[in-house]
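Novice: The following block contains the structure, expressed as structure tokens.
The values are calculated or read from the model by the stated rules, or taken from the named source; none is laboratory data. Here the structure is a predicted model, which means the values were calculated and not measured. Cβ coordinates were reconstructed from backbone atoms using ideal geometry, including for glycine residues, and neighbour counts include every protein chain displayed.
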Amino acid sequence: MQLGMIGLGRMGGNIVRRLMRAGHGCVVYDKSADAVQGLAGEGAAPSQDLADFVRQLDKPRAVWVMLPAGAITHGTIVELSGLLDAGDIVIDGGNSHFHDDVAHAEMLAGSRIRYLDVGTSGGVWGLERGYCMMIGGDQDAAARLDPIFAALAPGRGTIPPTPGREGRDPRVEHGYMYCGPAGSGHFVKMIHNGIEYGMMQAFAEGFDILRNVNSKAVPENRRYQLDLADIAEVWRRGSVVASWLLDLTAISLAEDPDLKEFSGHVEDSGEGRWTLMAAIEQAVPAEVLSAALYTRFRSRQDHTFAEKILSAMRKQFGGHQEPPKG
């Protein structure tokens, strides 16, 4: 099957690579000519601009936009709306706000261009591990592109099905699902990322307490010199808190137990804020997620070891770098 990819950053480029490994053809475009030529050297079809990109795609076309949320994504979709034909499919696979998806779907519907919002989780590890995808929008378009989603998904792997799932959609057990109308995919991904904030914060605070049990604030007979890297490693094996986030924490602590690379300045990419806005709209208490987000705000003024843990996890799963010091 053929897919066009716009945006060849950390995730867009690896999505193309994973698709090509599975035998799919890809046409690629990015404002960086070096990024385009790099993937062309791996077998993708390069394009010079959006018009050239669209010309190279077979009808009905499938275009995946993997760009930063907001104005850049919106402008690209608006430009595509004047280049594509009825029956073509536009996918927004970035971290757009679900309100934007509703607006984009309505705008494209006037030209009978189909729209999908695909919340995509997997970060820099997705090329090897696969991507967990939450799909919203035109259901027929999602069904048509099922070979694409199946190739990108992790697959069943070694995880056994949850007891009692008999008769449910088997695609979910492979790591992707159709969630519902436009915006629902990004809504589910938004909540996923909000939960991620809370889980990361719990690990960060726990390891900070473990580290500081050896401080002068603790009576000498109750001070312990604990090996945080080994604690993270032992928790990975049979513990109820075992998870991929713990795996990434263990990698960071094994590389540098003091996390000297990190200052503890923790950015937020937007989804945590949007999750809290949704909670407020629905009058749903979200104390843990609120606290996790506010801690990130505070980290930009004062830093603890917990914030270094958060920065380390963000670098491991998403390649996120702290801003330059000073």
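Novice: Filtering the stretch 182-229 down to residues that are aromatic (Phe, Trp, Tyr) and under 30 Å from ALA279 (Cβ atoms), which residue is surrounded by the most Cβ atoms within 10 Å (Cβ to Cβ)? Please lay out each step first, then the result.
Specialist: Filtering the stretch 182-229 for residues aromatic (Phe, Trp, Tyr) gives 187, 197, 203, 207, 224.
Right, trim to under 30 Å from ALA279 (Cβ atoms) and you get 187, 197, 203, 207.
Numbers: PHE187: 24, TYR197: 26, PHE203: 21, PHE207: 22.
Per the stated criteria, the residue is TYR197.
Novice: A follow-up question, please. For ARG237, are the conditions met, namely being under 30 Å from SER184 (Cβ atoms) and either in a loop (DSSP other than H, G, I, E, B) or not polar (S, T, N, Q) (or both)?
Specialist: The answer is no for ARG237.
Novice: Got at least one residue in the stretch 6-20 being of a type outside the set (Asp, Glu) and over 24 Å from MET133 (Cβ atoms)?
Specialist: Start the filter on the stretch 6-20 by keeping residues that are of a type outside the set (Asp, Glu), which leaves 6-20.
Still in the list and also over 24 Å from MET133 (Cβ atoms): none.
Within the stretch 6-20, none of the residues are of a type outside the set (Asp, Glu) and over 24 Å from MET133 (Cβ atoms).
Novice: Which of (1) modelled with pLDDT under 95; (2) buried (at least 16 other Cβ atoms within 10 Å of the Cβ) does GLU267 not meet, given it meets every other one?
Specialist: Evaluating GLU267 over (1) modelled with pLDDT under 95; (2) buried (at least 16 other Cβ atoms within 10 Å of the Cβ) leaves (2) as the failure.
Novice: A follow-up question, please. For the stretch 185-204, state whether one or more residues are in contact with a Gly (Cβ under 9 Å, 6 or more places away or on another chain), under 30 Å from GLY94 (Cβ atoms), at pLDDT 95 or above and outside any helix (DSSP H, G or I).
Specialist: Checked against the condition, which is being in contact with a Gly (Cβ under 9 Å, 6 or more places away or on another chain), under 30 Å from GLY94 (Cβ atoms), at pLDDT 95 or above and outside any helix (DSSP H, G or I), the stretch 185-204 yields no hits at all.
Novice: Enumerate the pairs (first residue in the stretch 65-81 and of a type in the set (D, E, K, R); second residue anywhere and modelled with pLDDT of 95 or more) with beta-carbon separation below 8 Å, excluding pairs fewer than 6 apart on the same chain, so at least 6 apart or on different chains.
Specialist: GLU79/LEU50
Novice: For the stretch 274-292, enumerate the residues that are outside any loop (DSSP other than H, G, I, E, B) and either in contact with a Ser or Thr (Cβ under 9 Å, 6 or more places away or on another chain) or buried (at least 17 other Cβ atoms within 10 Å of the Cβ) (or both).
Specialist: Step one: filter the stretch 274-292 for residues outside any loop (DSSP other than H, G, I, E, B), giving 274-282, 287-292.
If the condition is that a residue be outside any loop (DSSP other than H, G, I, E, B) and either in contact with a Ser or Thr (Cβ under 9 Å, 6 or more places away or on another chain) or buried (at least 17 other Cβ atoms within 10 Å of the Cβ) (or both), then TRP274, THR275, LEU276, ALA279, LEU289, SER290, ALA292 are the ones that fit.
Novice: Mind listing whichever residues of the stretch 12-34 are of a type in the set (A, V, I, L, M), more than 12 Å from MET66 (Cα to Cα), in contact (Cβ under 8 Å) with a residue 40 or more places away in the chain and crowded, with 16+ Cβ neighbours inside 10 Å? Full working, then the answer.
Specialist: Initially, the stretch 12-34 is screened for residues of a type in the set (A, V, I, L, M), giving 15-16, 19-20, 22, 27-28, 33.
Checking which are more than 12 Å from MET66 (Cα to Cα) leaves us with 19-20, 22, 27, 33.
This time we only want the ones that are in contact (Cβ under 8 Å) with a residue 40 or more places away in the chain, so: 19, 22.
Of everything in the stretch 12-34, just one residue is of a type in the set (A, V, I, L, M), more than 12 Å from MET66 (Cα to Cα), in contact (Cβ under 8 Å) with a residue 40 or more places away in the chain and crowded, with 16+ Cβ neighbours inside 10 Å, namely LEU19.
Novice: Here is a follow-up. Do we have any residue at all in the stretch 21-44 that's touching a Cys at 6+ places or on another chain (Cβ under 9 Å) and not in a helix (DSSP H, G or I)?
Specialist: Looking through the stretch 21-44, at least one residue is touching a Cys at 6+ places or on another chain (Cβ under 9 Å) and not in a helix (DSSP H, G or I).
Conditions tested, residue by residue: (1) surrounded by fewer than 20 Cβ atoms within 10 Å (Cβ to Cβ); (2) under 22 Å from HIS192 (Cα atoms).
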site	(1), (2)
ALA86	yes, no
ILE91	no, yes
GLY94	no, yes
HIS99	yes, yes
GLU106	yes, no
GLY110	yes, no
ILE113	no, no
LEU116	no, yes
GLY119	no, yes
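Novice: On to the next question. Is there a residue in the stretch 151-161 that is surrounded by fewer than 17 Cβ atoms within 10 Å (Cβ to Cβ), out of contact with any Pro (no Cβ under 8 Å at 6 or more places or on another chain) and among the hydroxyl-bearing types (Ser, Thr, Tyr)?
Specialist: yes
Novice: Sticking with this one: Got a sec? Which of LEU210, LEU226 is within 26 Å of SER299 (Cα to Cα) and in a helix (DSSP H, G or I)?
Specialist: Just a single option satisfies the conditions, and that option is LEU210.
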